[in-house]
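Here the structure comes first, spelled out in structure tokens, and everything after it is commentary.
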Amino acid sequence: MKKYILSIDTSCDETAAAITLDTKVIASKVWSQASLHAKFGGVYPSLAKRKHEERIDFVINQTLKKAKLEIKDISAIAVTVGPGLAPALEVGIQKAKELSLAFKKPLFAVNHVEAHLLSPLIGKSFEEIKQHFPALGLVVSGGNTQLIFAKEPGKYKIIAETIDDALGEALDKGARALGLGYPGGPVLEKIAEEFKVNKNLKNPLPLPFVGQEKLRKFSYSGLKTALVRLIEKIKKEKGILKKEDIISLAYFYQERAFNHIERMVLFILKNQKEKPKSLLVGGGVIANNNLRKKLRKIAKSNNLKLIFPPHKKYCGDNAAMIGVALAINLKERSAKDVNPQKIDRIPRLKLTESKIY
Ligand code: KG4
């Protein structure tokens with residue numbers, strides 16, 4: 001019998017469900033609420049909860065329909081328990097619990113960051129997956145910025161993480177300061193492309209923690225404040241922020257934000273005792289072509305296999321990666337199902353908390 005997994009993720013502002021079979025995606029649906037949160041310039045938690053509640057049944061039903069399956073055909077249910085927004089996580093967990101109890105299906109709790117980390121392995125055979133470890137993982141999303149050493153699936157060490165904003169959050173805030181839309185990452189990327197690179201122009205923004213890579217920390221609040229101050233200065237001098245100012249600031253801000261990642265990855269690769277075989281990258285910001293180009297260069301010069309999620313739709317939040325993360329864990333370690341009566345959200349769940357319950 002084929003062991004299909006139904007997975008659910010409502011950790012932030014995407015209502016997502018998927019059906020997976022081992023690492024293969026049979027159907028995946030993501031309903032994004034981003035446009036509803038745009039006027040707040042970020043995710044509004046109680047609105048996110050309400051919208052998840054309104055949509056969750058529809059998204060799950062559509063996913064099952066697309067897979068031409070019914071709940072009775074499913075072997076297990078996987079749900080994100082954290083990290084994420086508590087009110088949003090609750091909705092997916094409640095639904096997963098209901099389905100698990102009503103249809104007597106084992107329920108598994110999945111870590112959202114682990115799913116982003118393993119998302120580059122979607123669609124790969126278990127034999128191939130084994131060959132990519134030990135791996136260095138980079139997860140850059142709206143809520144997380146982490147460099148991880150993964151000895152094997154399930155065995156992780158966090159090597160560097162942010163002390164304030166996540167990379168995606170920093171891009172969103174920068175875009176907001178420039179009067180651009182939400183989510184800011186894709187808008188900044190598009191506008192920055194209009195910038196005509198001129199080597200004589202100096203980047204007016206600071207590089208976070210320059211020369212301090214040994215601290216193994218990312219920080220974006222100083223960069224964001226510098227951008228806000230520069231915008232204020234330009235407005236004072238010129239009265240307005242002109243289109244060309246927005247284009248150059250978008251470019252310089254994005255460059256600095258990505259240089260920070262680049263420098264840290266290079267530092268870690270130089271100083272890491274156990275050499276990784278691959279660089280696994282995941283999270284919403286990995287959709288960015290400029291960041292991809294920088295990572296390709298690093299991977300090439302370090303003889304590393306660079307693995308992106310197989311499609312850009314698996315960079316941002318989705319449930320396919322939740323089902324695949326569970327499948328890899330079931331194969332590599334004996335992941336245990338949880339008691340549906342006891343399952344609860346863990347908004348600040350750490351990647352290294354391997355035993356969730
Ligand atoms: O993975 P994700 O959907 O949510 C979390 O798990 O947090 O990531 C969302 C983040 C947002 O901050 C968004 O601005 C950013 O990913 N993002 C991008 C791009 N597409 C999405 N950032 C830079 N370039 C992009 N093309």
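Each Cα pair of region 206-253 feeds into the Kirkwood radius, which the Stokes-Einstein equation turns, at 4 °C and 1.567 mPa s, into a diffusion coefficient of 107 µm²/s. Note that region 134-309 presents 48 Å² accessible area per residue, ligands and nucleic acids not counted, probe 1.4 Å. Candidates LEU178, GLY282, GLY82 compared by Cα position along the dipole of the chain: farthest toward the positive end lies GLY282, with charges placed on Cβ. Taking the C-alpha atoms only, the angle from helix 86-103 to the longest principal axis of the chain is near 20 degrees. Estimated at the nearest 10 Å², the accessible area of TYR251 is 40 Å² with a 1.4 Å probe.
With a threshold of 28 Å on the Cα-Cα distance, the over-threshold entries among LYS29/LYS72; LYS51/LYS157; LYS3/LYS300; LYS190/LYS235; LYS3/LYS49 are LYS51/LYS157; LYS3/LYS300; LYS3/LYS49.
One Cα centroid belongs to region 84-113, the other to region 280-320; the line between them spans 28 Å.
In region 147-203, Cα pairs under 8 Å separated by at least six residues give a relative contact order of 18 percent. Solvent-accessible surface (1.4 Å probe) assigned to CYS12 amounts to roughly 40 Å². Using a cutoff of 8 angstrom between alpha carbon atoms and counting only pairs six or more residues apart, the relative contact order for region 198-324 works out to 23 percent.
Rounded to the nearest 20, the size of the Cβ-charge dipole of the chain about its Cα centre is 800 debye, with Lys and Arg at +1 and Asp and Glu at -1.
Taking the accessible area of the chain, probe 1.4 Å, and keeping the other protein chains in place, the carbon and sulfur fraction comes to 51%. Between ILE148, SER221, SER28, the Cα set farthest toward the positive side of the dipole of the chain (charges on each charged residue's Cβ, about the Cα centre) is that of ILE148. Pairs of Cα atoms nearer than 8 Å and 6+ residues apart set the relative contact order; for the chain it is 26 percent. Note on LEU101 and GLU152: their simple-model spin labels are 3.7 nm apart, each label 7 Å out from Cα toward Cβ.
Our coupling estimate for region 141-155, obtained by passing each phi through the Karplus curve with A = 6.51, B = -1.76, C = 1.60 and θ = phi - 60°, is 9, x, x, 9, 9, 9, 10, 10, 9, 10, 5, 7, x, x, 10 Hz, Gly and Pro reported as x. Given only helices, namely DSSP H runs of n ≥ 4 each adding -39500 (n - 2.57), what is the per-residue ellipticity at 222 nm of the chain, to the nearest 500 deg cm²/dmol? Taken over the chain, the calculation gives -13500 deg cm²/dmol. Return the percentage of antiparallel bridges among DSSP beta bridges fully within region 134-309, rounded to the nearest 5 %. Around 55 percent of the beta bridges assigned by DSSP in region 134-309 are antiparallel ones. Residues in region 239-254 carry Karplus couplings, in order, of x, 9, 9, 7, 4, 5, 5, 4, 4, 5, 5, 4, 5, 5, 5, 4 Hz; the curve used is 6.51 cos²θ - 1.76 cosθ + 1.60 with θ = phi - 60°, and Gly or Pro positions show x.
The values are calculated or read from the model by the stated rules, or taken from the named source; none is laboratory data. This one's a predicted model, so the numbers in the text were calculated from it and none came from an experiment. Here the Cβ is made from the backbone with ideal geometry for all residues, glycine too, and neighbour counts use every protein chain on show. Calculation scope for accessible area: heavy atoms of the full protein, side chains included, ligands and nucleic acids excluded. Shrake-Rupley method; radii C 1.70, N 1.55, O 1.52, S 1.80 Å.
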